[in-house]
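In what follows, a single structure is set out as structure tokens and then discussed.
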2 protein chains.
Amino acid sequence: MSTAHERHHKRVTLRDEFWERYQSLVRNTVIPYQWEALNDHIPDADPSFAVRNFRIAAGLEQGEFGGMVFQDSDAAKWLEAVGYSLANHPDPKLEHMADEFIELIANAQHPNGYLNTYYTIKEPGNQWTNLYECHELYCAGHMIEAAVAYYQATGKRRLLEVACKLADHIDTVFGREEGQIRGYDGHQEIELALVKLYRVTNEERYLKLAQFFIDERGTDPNFFIEECRRREGYSHWAKKNLPIPTIDQLAYNQAHKPVREQDVATGHAVRAMYMYAAMADIANLTGEQALIDACHRLWDSATKKMMYITGGVGSTHQGEAFTFDYDLPNDTVYAETCASIGLIFFAHRMLTLEAKSEYADVLERALYNNVIGSMSQDGKRYFYVNPLEVWPNASAANPDRKHVKPTRQKWFGCACCPPNVARLLSSLNQYIYTVDEASDTIYTHLFIGSEGAFDLDAGRVELHQISRLPWHGDVRFELSTVPNREFTLAFRVPAWSNGQAVMKVNGELVKYDTVDGYAILCRRWTEGDVVEWKLWMEAQWISAHPEVRANGGKAALVRGPLVYCFEETDNGSALSTLSIDPTAQLRSRTDHEFSGLVVIETDGYADDRHSWQDHTLYRPLAELNAPGKKTLKAIPYYLWGNREPGEMAVWVRVRAT
Amino acid sequence: MSTAHERHHKRVTLRDEFWERYQSLVRNTVIPYQWEALNDHIPDADPSFAVRNFRIAAGLEQGEFGGMVFQDSDAAKWLEAVGYSLANHPDPKLEHMADEFIELIANAQHPNGYLNTYYTIKEPGNQWTNLYECHELYCAGHMIEAAVAYYQATGKRRLLEVACKLADHIDTVFGREEGQIRGYDGHQEIELALVKLYRVTNEERYLKLAQFFIDERGTDPNFFIEECRRREGYSHWAKKNLPIPTIDQLAYNQAHKPVREQDVATGHAVRAMYMYAAMADIANLTGEQALIDACHRLWDSATKKMMYITGGVGSTHQGEAFTFDYDLPNDTVYAETCASIGLIFFAHRMLTLEAKSEYADVLERALYNNVIGSMSQDGKRYFYVNPLEVWPNASAANPDRKHVKPTRQKWFGCACCPPNVARLLSSLNQYIYTVDEASDTIYTHLFIGSEGAFDLDAGRVELHQISRLPWHGDVRFELSTVPNREFTLAFRVPAWSNGQAVMKVNGELVKYDTVDGYAILCRRWTEGDVVEWKLWMEAQWISAHPEVRANGGKAALVRGPLVYCFEETDNGSALSTLSIDPTAQLRSRTDHEFSGLVVIETDGYADDRHSWQDHTLYRPLAELNAPGKKTLKAIPYYLWGNREPGEMAVWVRVRAT
């Protein structure tokens, strides 16, 4: 196995107005608020019980377990976000709080390494008997991710030791030896966590354990079916015996067939994405072609057949799941925030496996649209479901659309998405660059202002990226430290730049080769060299594949990485009466309603409404007046729902001209 | 109270190729098949238990109750259809079978008149304790309707006596006196049945009992809430105690407020329609203005804000219910067959209350589209859900659309819709004409070939209607018997005839006055007079109100009473890539695939697909080729799904030209 990941070091610090605002929101609003929530201190919210569960499990308090069976993961995701945040922005008070909490967690760990407050408090003796439903390995995975992040931020080993002890324990419980459980997790997560733990500890057992979970999954005889039989079908959620699941039903957990035989993204979208990310991780470390092939197939399936233009995946709320190719309804959509975050994890690992711009294009799409759109501008409210079309009356009064909320919800009502957003935004510095050892190449995937230091074979490189994204396409790289040898800088050519990206080095236009969607500059660099990367960033209308029934005759407005949308606030209701003239000028202009904001206006049409009377539902088309001209205004999708509630649409009708 | 209904007699016999085919299907296929089903003789179907339940209740067999709590109603609806069928087409063998079954039913009736096999077998002693859920009055209503139909067809009083004894018993149990239940039914049906029973018996108590149920419904304190409290919330369906329903939840049963205060069609659509029909019945008999006003409001709400172009009502499958104004999704639609049949009941009673063509327009729309579309051409398969857009892959693989079936289901899988279709189609002769006593007017509402005999104040009128509908707009009325006094013939001017209906009497053009949508001809008629009523019947594109989000930029093709649709079989997939040219000629031509069938072709467009590759989900609109010309072919909606399964769409995109 390669340990290439250890040979190169990179350190990246964000220096970006757009994204630092999000990081400071996380630091100043999200993390403190969630800490209060975890400690049951939010007056008008149901208690979380998460911290209290650890106190009870540690023997420091009497009481009953509270919350969901996976409640521990909320605490872990918080600690992980704290780790990233401390790395960006030291905060001794926060670190002290975290240290105390880590001590509590350590006290809740069993002498043998087991750690899970639900089973410790509520079902001692039943550990590892319901992997299908009860999230023990999922919670362990999040604790491991937290430990890695906290260790990397602070250098403190306390939680890392807890995590290693927990992983060591799991390594004794699971395996192919006599007396071990030859099984795997109901909600994938531990696999990618174990790879992270391997990367910081270099302990190969952790990588092999991750591989074991991936290799065993979906093999015959099916572990979940056997496990359910052993419980006589008893269900944690139903609190009674249920029919044993069929193999087809296990597609929900991606356990219906071995992962290397899976061709189609299926089942619960977050589970799928976490698993695919781990597969890509392992494929990267082992170089196994069968696993790489599976990653390619699942990537293509998820992103080329079943991804919303906003980077949302999983189009039905029933099972929060994938449906089938080209089924991307805008109104009954799910597109859960966590699934897009999982897609970012997957894309990031595919980029590490092989630098192809299509991965970064998708990563950027999910990040700038679905993910940041899920959070209100004040960081206090969140969408789980990220629709591409909203009609508030339908959300209120049509039960088929009640899961589609027209306004973001206060975050204490929900457990999974907000902390996931927090940990992603706080660790964004990890997603900007990768290094390819073999070619001494620094790849720039995202155009996010940052300072990067990279230790290549050629020597140390330090650079400063200055970016005006997402509002303007000018990116500038200043090299402050370079080695005395040739190395390569590779800059992603975003798909949205329409092949019109211009490179200057020290003010001179340079031609560049494009390899797999990256502009490649290999040379002896000099300190003080400046690379200007000017990306074409004009608004343009985008069509969806004709098999996407929901978008027939419609187009979406995109400018750079941002998808735009139309809100009732700007355009009146009903948005379905509007149509666009695809030949009309798209006028981008800066608006000061939100910082930096570029809005887009264009001359379109609004259908005749004056000739209609309320009591006429159907009339001959020939009686209608022609549509009237109307100026249409679009704002970035990620900003929707930050003003008064109303209709919203990403896809609008194209009027032929 | 008026008893006008008894003073005039009408007898109408169908003589119509289009509709007699349906009646013979019911007679030769549906009624025999259902009898086998009711007797558990269908080999590959779950048993119905319906007849066996009566045998057990009558003490002729030992055993357990089988089927749903409302299983008796299936038997009653069958008997009702048999009654209508015998009236059209005597059949001694069928009549003998029905007589034997009626004897069995009589034997299952308690000495006090009570009749319900579920409570007799399974919960003796618990009668009338769960009106909210358990359908006792609903089953009684269907038995009463059967009795009236059977009596009118055969003159035999046996079942009518059972029905009267049952109604008399209910009249002792329910009321405002001490010891009586001041309540009403969970699923409305008894009310309209009691009105029918009143009409044949002239027993005012039955009308007053129907009024009582209507008057009590939704009053404060709410009966269902009180009743649920008495059961401590025990639910027949959940088999455990549930929370007491809130007043808002009772909108499902239209019991959230008194009926005279209801403005908006709400809740379970079949329940709503049956109730509105009874309200119109009672309003007609009592002339009470408050009730008439409520009927008008609810009519307007249901048909002018929430009705599909096919005459479907109730747009969500969750609760099979109305949602809100202009919410008419084509894909997640419900539009249950029984709800449209209920709408026909309501429309028919509104027509009886006041002859306005808008009621008949809706009646005809529901009949020719949603209702007959629910049945396959061989009478053996049925839709419950009548979608306006079908994508078979989505029905199979998107759980949000799994209730939308792309193919009709064998009827034994379902209990309510097929027998409802059977009883409607067999009694269609009742819907063609009404008589207005005050003005000695015979109204023709539907253009269905028939022989009618009417006893007016002026004297007896006999006429023969010859109609080429739905394929051609020529209708002819031949008067064979007329009195020696003036009387009026009133012919509906259908909305679809676009104000271009031409009248000839004995070959001479005549001018006519139009009153409330009816062409009025008042004169001294002569035997042998011929009225020709030539209705404009050209195909035309129809738009939906701009508030209907689902149909923005779309149009539906209509010709006469028929809504048309586009099927994949004729037009390829994906139908969403098609668009129409609203100025192109619509070419109607007879096609011999189905008898009489007129198909419509037009020159439209198909979006560019050749320039798309499978792995590209989104591309700049500017890169696409212009749509290509394509001949589009539409067939009547009611015929969809009778060939190979595929996509179907009623609403198609309009391409501006």
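Scan the range B:292-329 for residues that are of a type in the set (Asp, Glu), within 11 Å of chain A (Cβ to nearest Cβ) and assigned to a helix (DSSP H, G or I) and jot them down.
B:ASP300
What are the residue pairs meeting all of these: first residue in the range A:632-657, first residue part of a strand (DSSP E or B), second residue among the acidic types (Asp, Glu) and open to solvent by 10 Å² or more (accessible area, probe 1.4 Å), Cβ atoms under 6 Å, and 6 or more apart or on different chains?
A:LYS633/A:ASP570; A:LYS633/A:GLU601; A:ALA649/A:GLU389
Might you check whether a residue that is in contact (Cβ under 8 Å) with a residue 24 or more places away in the chain, out of contact with any strand residue (DSSP E or B) (no Cβ under 6 Å at 6 or more places or on another chain) and more than 21 Å from A:TYR359 (Cα to Cα) occurs anywhere in the range A:459-471?
Looking for residues that are in contact (Cβ under 8 Å) with a residue 24 or more places away in the chain, out of contact with any strand residue (DSSP E or B) (no Cβ under 6 Å at 6 or more places or on another chain) and more than 21 Å from A:TYR359 (Cα to Cα), one finds at least one in the range A:459-471, hence yes.
A:GLU358 passes all but one of (1) touching a residue at least 60 places away in the same chain (Cβ under 8 Å); (2) open to solvent by 10 Å² or more (accessible area, probe 1.4 Å); (3) under 19 Å from the mean Cα position of the chain (by Cα); (4) more than 13 Å from chain B (Cβ to nearest Cβ); which number fails?
It is condition (4) that A:GLU358 fails.
Has the range B:623-634 got at least one residue that is surrounded by 20 or more Cβ atoms within 10 Å (Cβ to Cβ), within 14 Å of another protein chain (Cβ to nearest Cβ) and over 16 Å from B:ASP581 (Cα atoms)?
no
Looking at B:LEU424, B:LEU446, B:LEU469, which is the one that is in a helix (DSSP H, G or I), more than 14 Å from chain A (Cβ to nearest Cβ) and crowded, with 21+ Cβ neighbours inside 10 Å?
Details: B:LEU446 fails: in a helix (DSSP H, G or I); B:LEU469 fails: in a helix (DSSP H, G or I).
Result of the check over B:LEU424, B:LEU446, B:LEU469: B:LEU424.
Can you spot a residue in the range B:643-653 that is over 26 Å from the mean Cα position of the chain (by Cα), more than 22 Å from B:SER374 (Cα to Cα) and at the interface with another protein chain (Cβ under 10 Å from one of its Cβ atoms)?
The answer is yes, given that some residue of the range B:643-653 is over 26 Å from the mean Cα position of the chain (by Cα), more than 22 Å from B:SER374 (Cα to Cα) and at the interface with another protein chain (Cβ under 10 Å from one of its Cβ atoms).
Condition (residue is without any contact (Cβ under 8 Å) to a residue 24 or more places away in the chain, assigned to a helix (DSSP H, G or I), at negative phi and open to solvent by 30 Å² or more (accessible area, probe 1.4 Å)) applied to the range A:400-417: is it met by at least one residue? Let's see the steps before the verdict.
Step one: filter the range A:400-417 for residues without any contact (Cβ under 8 Å) to a residue 24 or more places away in the chain, giving A:402, A:405.
If we keep only those that are assigned to a helix (DSSP H, G or I) as well, we get none.
Checking the range A:400-417: not a single residue is without any contact (Cβ under 8 Å) to a residue 24 or more places away in the chain, assigned to a helix (DSSP H, G or I), at negative phi and open to solvent by 30 Å² or more (accessible area, probe 1.4 Å).
Within the range A:540-548, does at least one residue satisfy the condition of being outside any loop (DSSP other than H, G, I, E, B), more than 20 Å from A:ASP474 (Cβ to Cβ) and not small (Gly, Ala, Ser)? Before you say what the answer is, go through the steps one by one.
Narrowing the range A:540-548 to residues outside any loop (DSSP other than H, G, I, E, B): A:540-544.
Going one step further and asking which of them are more than 20 Å from A:ASP474 (Cβ to Cβ), we end up with A:541-544.
Checking which are not small (Gly, Ala, Ser) leaves us with A:541-542.
Scanning the range A:540-548, I find at least one residue that is outside any loop (DSSP other than H, G, I, E, B), more than 20 Å from A:ASP474 (Cβ to Cβ) and not small (Gly, Ala, Ser), so the answer is yes.
Being assigned to a loop (DSSP other than H, G, I, E, B) and closer than 12 Å to A:THR441 by Cα is the filter here; which residues of the range A:486-526 pass it?
Of all residues in the range A:486-526, those assigned to a loop (DSSP other than H, G, I, E, B) come to A:486, A:493-494, A:498-500, A:506-507, A:511-512, A:516-517, A:524-526.
Of everything in the range A:486-526, just one residue is assigned to a loop (DSSP other than H, G, I, E, B) and closer than 12 Å to A:THR441 by Cα, namely A:GLU486.
Where the second residue is surrounded by 13 or more Cβ atoms within 10 Å (Cβ to Cβ) and the first is of a type in the set (Ser, Thr, Tyr) and lies in the range A:580-593, which pairs have Cβ atoms under 7 Å and are six or more apart or on separate chains?
From the range A:580-593, the pairs are A:SER588/A:ALA539; A:SER588/A:ARG559; A:SER588/A:VAL598; A:SER588/A:ILE600; A:THR590/A:LEU597; A:THR590/A:VAL598.
If I filter the range B:238-249 down to residues being surrounded by 10 or more Cβ atoms within 10 Å (Cβ to Cβ) and part of a loop (DSSP other than H, G, I, E, B), which single residue comes out as modelled with the lowest pLDDT? Write out each step before concluding.
Kept after step one, since they are surrounded by 10 or more Cβ atoms within 10 Å (Cβ to Cβ), are these residues of the range B:238-249: B:238, B:241-242, B:244-247, B:249.
Okay, now just the ones that are also part of a loop (DSSP other than H, G, I, E, B), so B:238, B:242, B:244-247.
Numbers: B:ALA238: 92, B:LEU242: 95, B:ILE244: 96, B:PRO245: 96, B:THR246: 97, B:ILE247: 96.
Once the filter is applied, the top-ranked residue is B:ALA238.
Might you check whether a residue that is in contact with a helix residue (DSSP H, G or I) (Cβ under 7 Å, 6 or more places away or on another chain) and open to solvent by less than 40 Å² (accessible area, probe 1.4 Å) occurs anywhere in the range A:523-535? Explain how you work it out, then say what you get.
Keep residues of the range A:523-535 that are in contact with a helix residue (DSSP H, G or I) (Cβ under 7 Å, 6 or more places away or on another chain), which gives A:535.
Those left that are additionally open to solvent by less than 40 Å² (accessible area, probe 1.4 Å): A:535.
Scanning the range A:523-535, I find at least one residue that is in contact with a helix residue (DSSP H, G or I) (Cβ under 7 Å, 6 or more places away or on another chain) and open to solvent by less than 40 Å² (accessible area, probe 1.4 Å), so the answer is yes.
What number of residues within the range B:487-507 are closer than 18 Å to B:VAL530 by Cβ and out of contact with any Ser or Thr (no Cβ under 8 Å at 6 or more places or on another chain)?
So the first thing to find is which residues in the range B:487-507 are closer than 18 Å to B:VAL530 by Cβ, and the list is B:487-491, B:501-507.
Remaining after also requiring out of contact with any Ser or Thr (no Cβ under 8 Å at 6 or more places or on another chain): B:501-507.
Qualifying residue count for the region: 7.
In the range B:361-396, which residue that is among the aromatic types (Phe, Trp, Tyr) and over 13 Å from the mean Cα position of the chain (by Cα) is nearest to B:ASN330 (Cα to Cα)? Give the steps one after another, and end with the answer.
To start, the set of residues in the range B:361-396 that are among the aromatic types (Phe, Trp, Tyr) comprises B:368, B:382-384, B:391.
Okay, now just the ones that are also over 13 Å from the mean Cα position of the chain (by Cα), so B:382-383, B:391.
Numbers: B:TYR382: 19, B:PHE383: 15, B:TRP391: 11 Å.
Filtering the range B:361-396 for residues that are among the aromatic types (Phe, Trp, Tyr) and over 13 Å from the mean Cα position of the chain (by Cα), the one nearest to B:ASN330 (Cα to Cα) comes out as B:TRP391.
Can you find, within the range A:370-391, the residue that is surrounded by the most Cβ atoms within 10 Å (Cβ to Cβ) among those that are within 11 Å of chain B (Cβ to nearest Cβ) and not in a loop (DSSP other than H, G, I, E, B)?
From the range A:370-391, those within 11 Å of chain B (Cβ to nearest Cβ) are A:389-391; that's our starting set.
Those still in the list that are not in a loop (DSSP other than H, G, I, E, B) too: A:389-390.
Values: A:GLU389: 24, A:VAL390: 29.
Taking the candidates together, the pick is A:VAL390.
Among the candidates A:GLU123, A:GLU133, single out the residue that is within 21 Å of A:ILE170 (Cβ to Cβ), assigned to a helix (DSSP H, G or I), of a type in the set (Asp, Glu) and open to solvent by 10 Å² or more (accessible area, probe 1.4 Å).
A:GLU133
Condition first: touching a Ser or Thr at 6+ places or on another chain (Cβ under 7 Å) and in contact (Cβ under 8 Å) with a residue 40 or more places away in the chain. Now tell me which residues in the range A:248-263 satisfy that.
Kept after step one, since they are touching a Ser or Thr at 6+ places or on another chain (Cβ under 7 Å), are these residues of the range A:248-263: A:251, A:254, A:258, A:263.
Residues satisfying the conditions are A:GLN254, A:PRO258.
Taking the range B:426-439 as the region of interest, how many residues are closer than 17 Å to B:PRO483 by Cβ and out of contact with any Lys or Arg (no Cβ under 8 Å at 6 or more places or on another chain)? Before you say what the answer is, go through the steps one by one.
First, the residues of the range B:426-439 that are closer than 17 Å to B:PRO483 by Cβ: B:433, B:435-439.
Retained after the next criterion (residues that are out of contact with any Lys or Arg (no Cβ under 8 Å at 6 or more places or on another chain)): B:436, B:438-439.
Number of matching residues: 3.
Which residues, taken from the range B:592-621, are more than 13 Å from chain A (Cβ to nearest Cβ) and open to solvent by 20 Å² or more (accessible area, probe 1.4 Å)?
B:HIS592, B:GLU593, B:PHE594, B:SER595, B:GLY596, B:GLU601, B:ASP603, listed by residue number.
To keep it simple, each residue is scored yes or no on (1) within 12 Å of another protein chain (Cβ to nearest Cβ); (2) of a type outside the set (D, E, K, R).
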site	(1), (2)
A:THR526	no, yes
A:GLU547	yes, no
A:GLY553	yes, yes
A:SER576	yes, yes
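Take the range B:620-631 and flag every residue that is assigned to a loop (DSSP other than H, G, I, E, B) and among the aliphatic types (A, V, I, L, M). Break it down into steps so the answer makes sense when it comes.
So the first thing to find is which residues in the range B:620-631 are assigned to a loop (DSSP other than H, G, I, E, B), and the list is B:624-627.
Result: B:LEU624, B:ALA626.
Given the options A:ALA501, A:ALA539, name the one that is touching a residue at least 12 places away in the same chain (Cβ under 8 Å) and within 14 Å of chain B (Cβ to nearest Cβ). Let's see the steps before the verdict.
Working: A:ALA501 fails: within 14 Å of chain B (Cβ to nearest Cβ).
Exactly one residue qualifies, and that residue is A:ALA539.
In the range A:55-68, which residues are at pLDDT 95 or above and among the aliphatic types (A, V, I, L, M)?
A:ILE56, A:ALA57, A:ALA58, A:LEU60
Restricting attention to the range B:142-156, does a residue exist that is buried (at least 24 other Cβ atoms within 10 Å of the Cβ) and either over 24 Å from the mean Cα position of the chain (by Cα) or part of a strand (DSSP E or B) (or both)?
Step one: list which residues in the range B:142-156 are buried (at least 24 other Cβ atoms within 10 Å of the Cβ), which gives B:142-147, B:149-150.
Narrowing further to those that are either over 24 Å from the mean Cα position of the chain (by Cα) or part of a strand (DSSP E or B) (or both): none.
Among the residues of the range B:142-156, not one is buried (at least 24 other Cβ atoms within 10 Å of the Cβ) and either over 24 Å from the mean Cα position of the chain (by Cα) or part of a strand (DSSP E or B) (or both), which makes the answer no.
Is it the case, given these coordinates, that B:ALA265 is outside the structural domain of B:LYS554 (by TED's automatic domain parsing), touching a helix residue (DSSP H, G or I) at 6+ places or on another chain (Cβ under 7 Å) and not in a helix (DSSP H, G or I)?
Spelling it out, B:ALA265 is indeed outside the structural domain of B:LYS554 (by TED's automatic domain parsing), touching a helix residue (DSSP H, G or I) at 6+ places or on another chain (Cβ under 7 Å) and not in a helix (DSSP H, G or I).
Quick test for you: out of B:ASP99, B:ASP74, pick the one residue that is at pLDDT below 95 and charged (D, E, K, R). Break it down stepwise before answering.
Numbers: B:ASP99 fails: at pLDDT below 95.
One residue alone meets the criteria, B:ASP74.
Counting only residues that are farther than 24 Å from A:TRP19 by Cβ and within 13 Å of another protein chain (Cβ to nearest Cβ), how many does the range A:557-570 have?
Total satisfying the criteria: 2.
The values are calculated or read from the model by the stated rules, or taken from the named source; none is laboratory data. Here the structure is a predicted model, which means the values were calculated and not measured. Positions of Cβ are backbone-derived with ideal geometry, glycine not excepted, and every protein chain shown enters the neighbour counts. Remember, those area values only see protein heavy atoms, side chains included, never the ligands or the DNA or RNA. Shrake-Rupley method; radii C 1.70, N 1.55, O 1.52, S 1.80 Å.
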